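The values are calculated or read from the model by the stated rules, or taken from the named source; none is laboratory data. Values in this document were obtained by computation on a predicted structure and should not be read as measured data. Here Cβ is always computed from backbone atoms with ideal geometry, including for glycine, and neighbour counts include all displayed protein chains.
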Amino acid sequence: MRTQPVVKALQTAVRTQAAMAGADSAVEDAVAQLLEAIEPALQLAVMQLAEQAAIEVDAQLPDHAVEVVLQDGEPTLRVTEAKAPPADAPVGEPSEEFDARITLRLPPSLKEAVEQAAVTQGASVNAWVVDAIDRTAKKARRRGGAYTEEFDL
């Protein structure tokens, strides 16, 4: 999925609208600063759209799993045959739907490390983070209490 052309088209549309104000350098500077400031939000919105597409396609393909993975920094939908539940999954307990959301603010270096770790394991960032959190939460449950130590994702 190529997202940069979509982001660039939106930026061009905003610049075109701003040009209607005339050749005012203050307006041009403000638009340039605005576009620079919202670019991370645009990238996040594109990723969220890819995730929504994956969820919708996944719901229509019961014998397959659809997830978003990053390839060269671009979200890509990966379709695989559905796998059986892991051997250590509780018997008779229905699997939960992925409908809860948490928004995390990460330093760029940590985000890159998480993305690289996910790519290395052949997983989406979401799947990798969920797995890391799940492993840590299971350790806490086995100890019978809350997890109060730091942990690495």
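Residues are listed down the side, and each one gets a yes or a no for (1) modelled with pLDDT of 80 or more; (2) farther than 30 Å from Thr12 by Cα; (3) not assigned by TED's automatic domain parsing to the domain that holds Leu10:
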residue: Pro40; (1), (2), (3): yes, no, no
residue: Leu61; (1), (2), (3): yes, yes, no
residue: Asp72; (1), (2), (3): yes, no, no
residue: Ser109; (1), (2), (3): yes, no, yes
residue: Val130; (1), (2), (3): yes, yes, yes
residue: Ile133; (1), (2), (3): yes, yes, yes
residue: Arg143; (1), (2), (3): no, yes, yes
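Kindly evaluate Leu49 against the criterion of being in contact (Cβ under 8 Å) with a residue 12 or more places away in the chain and closer than 30 Å to Ala113 by Cβ.
So Leu49 does not fit the description; no.
Would you confirm, using the coordinates I've provided, whether Glu74 is farther than 30 Å from Asp131 by Cβ and either among the charged types (D, E, K, R) or in contact with a strand residue (DSSP E or B) (Cβ under 6 Å, 6 or more places away or on another chain) (or both)?
Considered against the rule, which asks whether it is farther than 30 Å from Asp131 by Cβ and either among the charged types (D, E, K, R) or in contact with a strand residue (DSSP E or B) (Cβ under 6 Å, 6 or more places away or on another chain) (or both), Glu74 comes out as no.
Please state which one of Ala30, Ala53, Ala19 is surrounded by 13 or more Cβ atoms within 10 Å (Cβ to Cβ), closer than 21 Å to Glu67 by Cα and aliphatic (A, V, I, L, M).
So the residue among Ala30, Ala53, Ala19 that is surrounded by 13 or more Cβ atoms within 10 Å (Cβ to Cβ), closer than 21 Å to Glu67 by Cα and aliphatic (A, V, I, L, M) is Ala53.
Need pairs with beta-carbon distance below 7 Å; first residue in contact (Cβ under 8 Å) with a residue 12 or more places away in the chain and surrounded by 12 or more Cβ atoms within 10 Å (Cβ to Cβ) and within the range 128-139, second in a helix (DSSP H, G or I) and of a type in the set (Val, Ile, Thr); sequence gap 6+ or separate chains.
Pairs found: Trp128/Val114; Val129/Val114.
Would you point out the residue of the range 51-66, among those that are assigned to a helix (DSSP H, G or I) and aliphatic (A, V, I, L, M), that is nearest to Arg101 (Cα to Cα)?
Ile55
Restricting to the range 21-38, and then to whatever is hydrophobic (A, V, I, L, M, F, W, C) and modelled with pLDDT under 85, can you tell me which residue is nearest to the chain's Cα centre (by Cα)?
Within the range 21-38, the match that is nearest to the chain's Cα centre (by Cα) is Ala21.
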